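Take a look at the structure below.
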Amino acid sequence: MDTIWLTGAEWVAVLRVGLGLWWLESWRHKDKKGWFERGTGIAWAADVAAKHRWNSVRGGFDVVVAPRPRTMAYVVVYAELALGLGLVVGLLTPIALVGGLLLNLLYLVLMIHDWAEQGQNTMMALISLVALFGVSWQTWSLDSALGLF
């Protein structure tokens with residue numbers, strides 16, 4: 001593969017790091033006090049799920065998220081932080097890429113009616129796939145330095 005400036009593997013690592021920074025920004029801009037103390041994030045998601053066109057989304061939300069809103073708030077917020085850090089430094093990268101892909105797919109399904117969210121989650125999922133199948137942890141990563149994967 002001919003590239004300009006960086007090698008192909010380095011460009012894939014750039015995508016991985018950029019995706020990690022995107023997850024960190026998602027974590028940074030959240031109102032943590034609102035999510036953890038007032039339940040604003042899960043309340044918003046509950047409203048979206050209640051109006052969802054697919055019964056399976058409404059039912060799944062009612063079974064998995066609604067009974068434990070505080071726990072799920074922590075899961076969502078700290079999953080985004082963990083994904084961001086893991087991808088930026090390249091630690092447990094394949095796990096972070098698969099986890100991020102699954103989280104983006106969940107967001108994509110939940111926000112099926114919102115085109116702005118669709119675009120962001122589609123792009124993040126696509127970058128996850130490229131970074132995963134491009135074996136992005138082989139370049140500029142703790143995984144590579146530690147001989148993981």
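The values are calculated or read from the model by the stated rules, or taken from the named source; none is laboratory data. Keep in mind that this is a model prediction, so the values were computed, not measured. All Cβ positions, even for glycine, are placed from backbone atoms using ideal geometry, and neighbour counts span all protein chains on display. To get the accessible areas, we keep the full protein, side chains included, count just its heavy atoms, and leave off ligands, DNA and RNA. Shrake-Rupley method; radii C 1.70, N 1.55, O 1.52, S 1.80 Å.
Key figures
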quantity: Under 15 Å, Cβ to Cβ, from Leu83 - net charge with Lys/Arg +1 and Asp/Glu -1; calculated: 0
quantity: J(HN,Hα) series, the range 88-97, from Karplus relation 6.51 cos²θ - 1.76 cosθ + 1.60, nearest Hz, glycine and proline x; calculated: 5, 8, x, 10, 6, 4, x, 5, 5, 5
quantity: Ellipticity estimate at 222 nm from DSSP helix runs (n ≥ 4, -39,500 (n - 2.57)) divided over the chain, nearest 500; calculated: -22000 deg cm²/dmol
quantity: Descending semi-axes in whole angstrom, ellipsoid equivalent of the range 30-92, from the Cα gyration tensor; calculated: 25, 15, 10
quantity: Heavy-atom SASA rank of Ile112, Ile4 (probe 1.4 Å, accessible area, largest first); calculated: Ile4, Ile112
quantity: Integer Hz, Karplus 6.51/-1.76/1.60 couplings in order for the range 99-106, x for Gly and Pro; calculated: x, x, 4, 5, 5, 5, 5, 4
quantity: 1.4 Å probe accessible area per residue over the chain, in Å²; calculated: 57 Å²
quantity: Aspartates and glutamates whose Cα lies under 16 Å from that of Lys30, excluding same-chain neighbours fewer than 8 positions away; calculated: Glu80, Glu117
quantity: Of all accessible heavy-atom area on the range 67-125, the percent that carbon and sulfur account for (1.4 Å); calculated: 77 percent
quantity: Note, ³J(HN,Hα) from phi for the range 122-130, Karplus 6.51, -1.76, 1.60, rounded to Hz, x at Gly and Pro; calculated: 5, 5, 5, 5, 5, 4, 4, 5, 4
quantity: Charge tally in the Cβ shell below 13 Å around Thr40, where Lys, Arg are +1 and Asp, Glu are -1, Thr40 excluded; calculated: +2
quantity: Overall form of the chain per C-alpha gyration tensor (a/c, 1.5; a/b vs b/c); calculated: prolate
quantity: Residue (of Gly18, Phe61, Leu129) at the positive-pole extreme of the chain, dipole from beta-carbon charges; calculated: Phe61
quantity: Most to least packed among 135-143, 28-36, 69-77 [average Cβ atoms within 10 Å]; calculated: 135-143, 69-77, 28-36
